[in-house]
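Here's the structure we're looking at; comments come further down.
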Amino acid sequence: MTVTDETRMSLPGVQAIVGFQLIAVFNQRFESLSERQQSLHLLAFLLVTLAMGLIMAPAAYHRLAERGKVTRRFVDSERSVPRST
């Protein structure tokens, strides 16, 4: 399994987390949080969004720059990424 396959498999989970954090903003209880807690939630939302972008970056780069071909450079960069299995 390649890194691009692993990122494609983990992406729906990350998208679900972003969705749950976004839904919380529209919840009535969100207004009862203090301004500091709302700011922390915004920070957490931005960090999760950044993480999602970083997870998607290798696959997006590979599609744009390499036009779907598996190059030696991509294989070498793939080996430097820790695997989940």
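Rule-based calculations on the coordinates, nothing more; no lab input. On a predicted model such as this, the values are computed, not experimentally measured, just so you know. So basically every Cβ, Gly included, is an ideal-geometry build from the backbone, and we count neighbours across all protein chains shown.
Per residue of the stretch 9-19, in order, report the coupling 6.51 cos²θ - 1.76 cosθ + 1.60 (Karplus, θ = phi - 60°) as ³J(HN,Hα) in whole Hz, putting x for Gly and Pro.
6, 7, 4, x, x, 5, 5, 5, 4, 4, x
What chymotrypsin sites (Phe, Trp or Tyr not before Pro) in the stretch 20-49 are in a loop by DSSP, with at most 15 other Cβ atoms within 10 Å of the Cβ?
For chymotrypsin sites (Phe, Trp or Tyr not before Pro) across the stretch 20-49 that sit outside H, G, I, E and B with at most 15 neighbouring Cβ atoms in 10 Å, the list reads F26.
Per-residue HN-Hα couplings for the stretch 46-56, Karplus 6.51 cos²θ - 1.76 cosθ + 1.60 at θ = phi - 60°, whole Hz, x for Gly and Pro?
With the stated coefficients, the stretch 46-56 comes to 5, 5, 5, 5, 4, 4, 5, x, 5, 5, 7 Hz.
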